[in-house]
Protein chains: 2
Amino acid sequence: MAVKSGKTVFFENRAYISAVSSSVGKKEGEGPFGNYFDYVSKDSRFGQKTYEQAESEMQKITVRRVLQKAGKESGNIDVICAGDLLNQCIGSSFGLKELNIPIIGVYGACSTMALSLITVANMIESGAADIGISVTSSHFCSAERQYRFPLEYGSQRPMTSQWTVTGCGAMLLNREQKGAYIHSARIGKICDLGIKDQNNMGAAMAPAAADTIVGYLRDTDTVPSDYDVIFTGDLGFTGTELLYRLAEEESIRLEGHHADFGKMIFDRERQDVHSGGSGCGCSASLLCSYVMDMFEKGKYKNILYCATGALLSPTSVLQKLTVPAVAHLVNIRI
Amino acid sequence: MAVKSGKTVFFENRAYISAVSSSVGKKEGEGPFGNYFDYVSKDSRFGQKTYEQAESEMQKITVRRVLQKAGKESGNIDVICAGDLLNQCIGSSFGLKELNIPIIGVYGACSTMALSLITVANMIESGAADIGISVTSSHFCSAERQYRFPLEYGSQRPMTSQWTVTGCGAMLLNREQKGAYIHSARIGKICDLGIKDQNNMGAAMAPAAADTIVGYLRDTDTVPSDYDVIFTGDLGFTGTELLYRLAEEESIRLEGHHADFGKMIFDRERQDVHSGGSGCGCSASLLCSYVMDMFEKGKYKNILYCATGALLSPTSVLQKLTVPAVAHLVNIRI
């Protein structure tokens with residue numbers, strides 16, 4: 001049975017990462033981690049007529065590939081835990097409907113991948129599942145027109161804004177006690193410091209990231225240097241600076257031990273996206289490619305993955321409400 | 001540890017239902033179960049300026065009341081699992097942000113309450129949580145303008161359409177081994193029979209309900225008469241007829257052992273809502289009032305609660321896609 005310390009959960013029947021798969025769009029494929037992804041769409045349309053269907057197709061391709069890599073059929077899978085940014089999570093429901101796998105839909109905005117991993121790890125811990133898949137996606141074109149403006153407007157974006165990543169990551173978890181595993185996790189609380197600027201989500205999410213990371217370090221009595229890297233996804237350039245300041249107020253120095261997926265996925269000079277990447281596909285695609293590759297190569301042995309989500313909607317923005325945020329964390333070890 | 005039979009999970013460290021609370025709008029308060037709800041808003045606005053904020057306020061009121069009934073503070077709660085129908089689930093995030101409870105956002109359209117109960121039950125089983133809350137809501141006015149037309153249009157509705165319930169239900173689960181508990185559960189797979197009529201969601205959801213209920217009865221080697229009632233939520237009048245036909249094809253006769261929350265919540269003669277109620281607040285509010293009251297009074301000892309969700313969005317409808325559906329089931333016993 002899992003053990004708790006504060007709000008942190010330590011798993012006993014651990015979920016082992018048996019296979020990962022990632023798919024991205026053209027722009028992400030041209031970024032610094034382009035070579036790590038399993039599939040790069042040549043035009044971000046994934047052969048579909050609409051961007052929403054492209055996102056669903058991307059999920060389908062990614063899950064099929066993770067099944068193939070793990071040598072499993074969809075009939076072997078006890079549960080798939082999925083989510084995305086689209087209204088009513090249609091990226092997941094249309095992408096996964098043909099797989100015939102019991103499905104748990106989760107929503108945590110850009111924190112969804114960590115939430116999905118925690119949910120599957122819990123089901124493996126409880127005995128409710130022997131094998132499960134976590135998957136999340138985002139798509140620049142479907143997100144941009146839903147959250148902001150039609151792409152055709154070519155709207156100018158402020159420097160604090162982030163670029164929604166076209167990407168998807170899937171992870172197959174089981175009990176096979178081989179390779180990297182989910183050691184512990186912390187489900188985040190909603191933090192709301194009153195920020196109302198939907199173009200500065202890094203600032204809205206940084207307090208949630210700080211709350212979850214500081215809480216985890218305290219519950220585990222560890223310091224940042226105990227981990228190969230503390231990853232966040234996705235604070236971007238603006239949010240990362242704020243996270244460092246908030247952690248320092250708690251006497252924790254993250255600089256030098258931290259990396260943000262939103263800052264990593266695009267080349268700042270060559271692919272100007274202002275404050276970096278975002279979207280639940282950003283951290284999911286990098287986690288399920290580069291990060292797990294580093295585990296495979298023995299370069300990582302112990303990381304924290306803290307995914308952050310801004311819990312706004314276009315309606316809440318129009319109603320001039322604040323941007324509440326949440327951050328969920330998993331510790332992956334080998 | 002939980003045990004599986006087929007896709008059905010039997011819990012060992014069971015989640016006991018320590019307290020329930022429900023809130024509804026004016027129309028639901030005037031319905032046949034009006035006296036069972038804890039809180040009836042006099043105008044469905046719950047004192048707020050917008051309908052979305054009214055829905056959030058309804059969640060807040062309901063969770064505060066369930067905490068009060070159970071004699072707990074929000075600091076005692078390990079996890080709250082919440083969801084609603086609004087884009088990016090803002091009903092939950094804005095409703096619960098001040099509670100400071102670790103939050104798992106779930107999305108299963110109108111099946112969300114069952115999904116939320118399964119998720120919390122799993123965390124109690126795994127040891128990740130000792131006390132958790134499940135909560136879901138829907139609001140007629142926020143849903144109608146999001147999914148269909150501005151209320152001011154006064155659009156005519158076809159006879160197969162259902163009326164989104166303004167309602168919320170919250171359940172506090174713990175390990176105290178007292179009263180009713182969640183015995184077993186089945187997470188549903190997505191079923192898609194190709195229905196494209198967004199005004200006939202009962203028909204879209206009936207195959208998912210049949211798949212989950214028939215699967216559960218087979219995995220447990222039970223028949224409908226073994227249960228006090230098999231509840232679905234919310235197939236309405238049209239979907240219920242179809243469910244009976246689909247179950248009969250599998251040689252299972254549900255008639256006489258089944259009730260649908262969508263058919264129950266409004267008076268068909270007095271409050272004409274065509275095919276009945278819907279929305280994740282429909283089954284949540286009736287489960288967390290009337291149904292648990294029947295357990296308390298000793299009238300129910302063993303029920304199935306199968307919540308169904310139509311996984312469409314206005315975008316998928318405009319793109320002329322089908323309506324995939326899912327149904328999740330929990331067995332509550334005393």
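The values are calculated or read from the model by the stated rules, or taken from the named source; none is laboratory data. Only a predicted model underlies this, so the values are computations on that prediction, with no experimental measurement involved. Reconstructed Cβ throughout: ideal geometry from the backbone, glycine too, with neighbour counts over all protein chains shown. Surface accessibility is based on the protein's heavy atoms, side chains included, excluding ligands, DNA and RNA. Shrake-Rupley method; radii C 1.70, N 1.55, O 1.52, S 1.80 Å.
Observations, loosely collected:
- Backbone amide hydrogens, once placed in the peptide plane, bring A:Ser44 within less than 5 Å of A:Lys26, excluding anything fewer than 5 places away on its chain.
- Alpha carbon centroid spacing (whole Å) that separates segment B:126-198 from segment A:1-80: 28
- Close amide-amide hydrogen proximity is noted between B:Asn100 and A:Ile190, each under 5 Å apart and 5 or more residues distant or on a separate chain (H modeled in the peptide plane; Pro and chain starts excluded).
- Sites matching GluC sites (Glu not before Pro) across segment A:29-69 that sit in DSSP coil, with at most 14 neighbouring C-beta atoms within 10 Å: A:Glu30
- At most 15 other Cβ within 10 Å, DSSP loop - GluC sites (Glu not before Pro), segment B:255-309: B:Glu255, B:Glu269
- Dimensions of segment B:192-252 from C-alpha coordinates, computed as largest minus smallest value along each principal axis and given longest first, are 35, 20, 15 Å.
- For B:Gln156, label point 7 Å along C-beta direction: distances to other copies, nm: 5.0
- Selected from A:Gly169, A:Gly75, A:Gly132 as most flexible by GNM, with chain A as the system and alpha-carbon contacts under 10 Å: A:Gly75
- Integer Hz, Karplus 6.51/-1.76/1.60 couplings in order for segment B:79-91, x for Gly and Pro: 7, 10, 10, 9, x, 7, 9, 6, 3, 6, 6, 6, x
- Placing +1 on the Cβ of every Lys and Arg and -1 on the Cβ of every Asp and Glu, with nothing else charged, gives chain A a dipole about its Cα centre of roughly 380 debye.
- Residues A:Val40, B:Val165, A:Val317, sorted by accessible area with the largest first, give A:Val40, A:Val317, B:Val165 [1.4 Å probe; ligands and nucleic acids excluded].
- Surface exposure of segment B:263-334, expressed per residue as accessible area with a 1.4 Å probe, stands at 31 Å².
- For segment B:89-135, the normalised intensity computed at q = 0.14, 0.21, 0.24 Å⁻¹ comes to -0.34, -0.75, -0.94 (log10 of I(q)/I(0), Debye sum over alpha carbons, equal scatterers, no solvent).
- Between chain A and chain B, the total buried accessible area stands at approximately 4900 Å², from heavy atoms with a 1.4 Å probe.
- Cα-based Rg / Dmax (Å) for segment A:215-279: 12.8, 41
- Against the empirical 2.2 N^0.38 Å (N residues), chain A has a Cα radius of gyration ratio of 0.90.
- Note on segment A:276-332: with neighbouring protein chains present and a 1.4 Å probe, carbon and sulfur make up 56 percent of its accessible heavy-atom surface.
- Cα-Cα over 26 Å, subset of A:Lys7/B:Lys69; A:Lys7/B:Lys97; B:Lys26/B:Lys196; B:Lys27/B:Lys178; B:Lys69/B:Lys299: B:Lys26/B:Lys196; B:Lys27/B:Lys178
- Treating each Cα of segment A:1-157 as one equal point scatterer and applying the Debye formula with no solvent, the log10 of I(q)/I(0) at q = 0.09, 0.10, 0.13, 0.17 Å⁻¹ comes out as -0.32, -0.40, -0.65, -1.03.
- Distance distribution P(r), segment B:174-292, all Cα-Cα pairs, bin width 10 angstrom from 0: 12, 42, 35, 10, 1 percent.
- For chain B, built as a Gaussian network whose Cα springs stay under 10 Å, the top-fluctuating residue of B:Gly188, B:Gly279, B:Gly47: B:Gly47
- Heavy-atom accessible area order for B:Lys297, A:Lys72, largest first, 1.4 Å probe: B:Lys297, A:Lys72
- For chain B, a Gaussian network of Cα nodes joined below 10 Å ranks B:Arg253, B:Arg64, B:Arg270 by mean-square fluctuation, and the top entry is B:Arg270.
- Pairwise Cα inverse-distance average, inverted: Kirkwood Rh of segment B:23-63 (Å): 10.1
- Over all orientations, segment B:73-192 has a Cα convex hull whose mean projected area works out to 9.5 square nanometres.
- Residue-wise HN-Hα couplings along segment A:188-198, as the Karplus relation 6.51 cos²θ - 1.76 cosθ + 1.60 with θ = phi - 60° gives them from phi, are x, 9, 6, 10, 9, 9, x, 6, 10, 8, 5 Hz; Gly and Pro carry x.
- The protein assembly as shown: proportion of alpha-carbon pairs further apart than 35 angstrom, %: 34
- DSSP beta bridges in chain B [antiparallel fraction, %, rounded to 5]: 65
- By the equivalent-ellipsoid construction on the alpha carbon gyration tensor, segment B:102-165 comes out with semi-axes of 34, 11, 7 Å, ordered largest to smallest.
- Per DSSP, loop trypsin sites (Lys or Arg not before Pro) in segment B:129-186 with at most 15 further Cβ within 10 Å: B:Lys178
- Taking a span of 24 Å or more along the helix axis (Cα atoms) and a mean Kyte-Doolittle hydropathy of at least -0.5 as the rule, the DSSP H helices of chain A that qualify are A:201-220.
- Cut-off under 5 Å, modelled amide H: who pairs with A:Ile195 long-range: A:Val323
- Karplus-derived 3J(HN,Hα) values for segment A:40-46, using 6.51 cos²θ - 1.76 cosθ + 1.60 with θ = phi - 60°, are 10, 6, 6, 9, 6, 9, 6 Hz; glycine and proline are entered as x.
- Taking the Cα atoms of segment B:151-211, the ratio Rg/Rh between the radius of gyration and the Kirkwood radius comes to 1.13.
- Heavy-atom accessible area ranking, 1.4 Å probe, most first, across A:Asp43, A:Asp219: A:Asp43, A:Asp219
- Both the radius of gyration and Dmax for segment B:1-79 are 16.9, 49 Å, in that order, over alpha-carbon atoms.
- Of the whole protein surface, B:Trp163 contributes about 50 Å² of accessible area at a 1.4 Å probe radius.
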